[in-house]
1. State whether one or more residues within the stretch 405-423 are assigned to a strand (DSSP E or B), in contact (Cβ under 8 Å) with a residue 12 or more places away in the chain and in contact with a helix residue (DSSP H, G or I) (Cβ under 8 Å, 6 or more places away or on another chain).
2. Quick one: is Thr186 open to solvent by 50 Å² or more (accessible area, probe 1.4 Å), at pLDDT 85 or above, assigned to a loop (DSSP other than H, G, I, E, B) and farther than 30 Å from Val20 by Cβ?
3. Give the residue, chosen from Ala509, Ala535, Ala524, that is closer than 30 Å to Asp651 by Cα and at pLDDT 90 or above.
4. Please state which one of Phe764, Phe784 is more than 30 Å from Gln526 (Cβ to Cβ), surrounded by 23 or more Cβ atoms within 10 Å (Cβ to Cβ), touching a Phe, Trp or Tyr at 6+ places or on another chain (Cβ under 8 Å) and at pLDDT 90 or above.
5. Give the residue that is nearest to Lys363 (Cα to Cα), with candidates limited to residues of the stretch 19-37 that are open to solvent by less than 10 Å² (accessible area, probe 1.4 Å) and out of contact with any Phe, Trp or Tyr (no Cβ under 7 Å at 6 or more places or on another chain).
6. Have a look at Asn56, Asn97, Asn62 and point out the one that is touching a strand residue (DSSP E or B) at 6+ places or on another chain (Cβ under 6 Å) and either at pLDDT below 95 or open to solvent by 10 Å² or more (accessible area, probe 1.4 Å) (or both).
7. So if I check each of Glu555, Glu491, Glu484, which one is open to solvent by 80 Å² or more (accessible area, probe 1.4 Å), touching a Lys or Arg at 6+ places or on another chain (Cβ under 8 Å) and at pLDDT below 90?
8. So which residues in the stretch 239-265 are under 27 Å from the mean Cα position of the chain (by Cα) and either open to solvent by 60 Å² or more (accessible area, probe 1.4 Å) or modelled with pLDDT under 70 (or both)?
Amino acid sequence: MDLLRSNLSRVRIPEPTNRVYKQECCLSFDTPMSEGGLFIDMFNFLAFGKDYVGWNFEKTGNPVYLHVKKTKKPVPEDRPLKKPTLLAIGIDGGFDNNEADYEETHNIVILPDYVSLSYPSVELPEKVRLAADAILLDAGAERKEQVAAWTADKKLVSVYATNLQQIDNGVVIPPTGWKCSQCDKTDNLWLNLTDGVILCGRKNWDGSGGNNHAVEHYKKTGYPLAVKLGTITADLEAADVFSYPEDDNVLDPLLAQHLAFFGIDFSSLQKTEMTTAEKELDQNTNFEWNRIQESGQEVEPIFGPGYTGLVNLGNSCYLAATMQAVFSARSFSSRYYINQSLKKAFEEAPADPTVDLNMQLTKLAHGLLSGKYSVPQVEEQEGIPPRMFKTLVAASHPEFSTMRQQDALEFFLHFLDQVERSNAGKTELDPARSFKFGVEDRILCSSGKVAYNRRNDYILSLNIPLHEATNKEELELFHKLKAEKLSEGKEVSGDEVVRPRVPLEACLASFSAPEEVHDFYSTALQMKTTAVKSAGLTSFPDYLVLHMRKFVMEEGWVPKKLDVYVDVPDIIDISHMRSKGHQPGEELLPDGVPIEDDSEIPLANEDIVAQLVSMGFNQIHCQKAAINTSNAGVEEAMTWLLAHMEDPDIDAPILRGRGSESVDQSKVDMLLSFGFQDDVARKALIASGGDIEKATDWIFSNPDASVSNMDATASNTTSGPNDADLPDGGGRYRLMGIVSHIGTSTHCGHYVAHILKDGRWVIFNDNKVGASINPPKDMGYLYFFERL
């Protein structure tokens, strides 16, 4: 007791704003139910397992801990079931997951000698009693984050929805091919429900995301509601509608009506419920479910190092399947497990290890790969819950921080971006590099001259050319049978369904195949022409990830998942896909050459431009619309603008002679100091009227600026990222992992991983791990290959 009193300065009573960890160790997956229980630091309120609390004492000097140990009680067979009031599992008000009851014991423990004092006890100092009481009464940071994630999905009806003003300006929104009307962003796009303008979302704190054009449009116009494109399906309540004045995601009960105003009509979808098409969709989903999860097969459970499952936290299977595949790569297992101990990661972590990605990835790697949490049970292993990792990696992403299902591809890319940022300046330690490769586009102009453009990527996204199916005869017979049965009012049974079989080689060939680019502005010809674009890889990564584009949007905004097999061999060779680069004898397209005599080009009428800009259109777009309609009027300019929004050169600056192209050299030098190229810097300054901040935004909004997004105003063969830092080697790869998706959309359904380990295929289905009997190699969504 004297020892405890001498350390009272290292005891704090938690405030409501303090995060109290009491359900899981910050460095491992130990819990109060573990053999050694859990030790809660009574100064910083972090929790540690028996093997790790000593490290915290060494690092912080905090000696006083509340020890919590839970021992399982036998479950009575007649335990009554409670009715759930919240769509959640295992939390108060949620579904009962049949967890056992536990007997809980508490002690105050003083390190380094682990002196133990009983709690509760009136002999303890009042400060210690109050602190321990507060810790035990606190819901716990882990539980609070879980509840917040579930309840975050509750949206209120917007007060602006009922009487929303909609302007009839002739806008009709197509089902695909969207782009921000003020920049080149093609993702994170929002449709304003008042005027139909498509604009990009907010810029994130780290520079990612959009360019704030949607919110800036609201500030200019006051038009309150916007819907995120790509989230609109037959289930309109699931669409992301944002209210700017309410600054929150909201429900729009009239969304179908508001969308129909701009040509997005869902009435046909409502009428086709439970039609033959719906039944076929259900049939396909049931087939996927059984085949991918290997239902009905006697799957032998596997335990031990590398065979640990991940608990589903509620629609978190996209994360579980992806991380199982990621940690099967040696680059990640070496970085966070083999070459990094938990103690080393903890010593390097900040005061709060729960917010350090290096620490939480090391914790996850040791949990998955050590075998500590994968020991034989009666039926199946419990798995480990990746709560702290999910909370941390999703903190900067509004979608992954919810409990909704997500796209495994989007999560994979977001995760690698986070890893790359956390290893900035330490290239040799960055495991994300092992997935990175260079892509080069070659543009052949009709003049015979060429331009090259480079970029880096983590995934090779492939179209599935159905016309390349190898079983066309069987498909024709099946379609005849299907038509006959439908005419007789009968249904096609699951056993009779024939799906197209497309070889992976055909998908890879479609990536490299030449394609025509219409209305390409040639700086050699000083006019628009048709060019031919082809793509190749400038480097081959250690691990190649192929993404199969199975999800398409049909006419009428009907989302569809291609019901197709892709025949993927165990070994592939992509050596033929290596880009040859600038070849001897090839003449490069010249840099943008302004027209000497611009007297024939009219100036844009400022009144017309101002009116169009006030509607939310881009300044350069408006100037071009006025010029190309000879300043005939606002209506004529808008008609031209709406018809030319997708022009490849719509964002190219208007060049009017050498005098107007001059820019301030000091501003060019400043952009050069940021690492931009000279020609890109000059083009950006011209496009932004000499404003450095706008010029920087323009460059980030136009990543292909060195070729002006198919407008050849630059042709430097070294333009784009440097390949020197990328891994490279031969083009032969072995299939090592598959992430498969079950369901009609990436935002619903279920994800499962199959991994090749120790010479055999293993299925990772959340916490279930077993020997795969028939891995669905032809049904994958993401394929992971390792270079031979």
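The values are calculated or read from the model by the stated rules, or taken from the named source; none is laboratory data. Note that the coordinates shown come from a computational prediction; the quantities given were computed from them, not determined experimentally. Here the Cβ positions follow ideal geometry from the backbone for every residue, glycine too, while neighbour counts run over all protein chains shown. SASA here: full protein model, heavy atoms, side chains in, ligands and nucleic acids out. Shrake-Rupley method; radii C 1.70, N 1.55, O 1.52, S 1.80 Å.
1. Scanning the stretch 405-423, I find no residue that is assigned to a strand (DSSP E or B), in contact (Cβ under 8 Å) with a residue 12 or more places away in the chain and in contact with a helix residue (DSSP H, G or I) (Cβ under 8 Å, 6 or more places away or on another chain), so the answer is no.
2. no
3. Ala535
4. Phe784
5. Glu24
6. Asn97
7. Details: Glu555 fails: touching a Lys or Arg at 6+ places or on another chain (Cβ under 8 Å); Glu484 fails: touching a Lys or Arg at 6+ places or on another chain (Cβ under 8 Å).
Residue meeting the stated conditions: Glu491.
8. Glu246, Asp247, Asp248, Asn249
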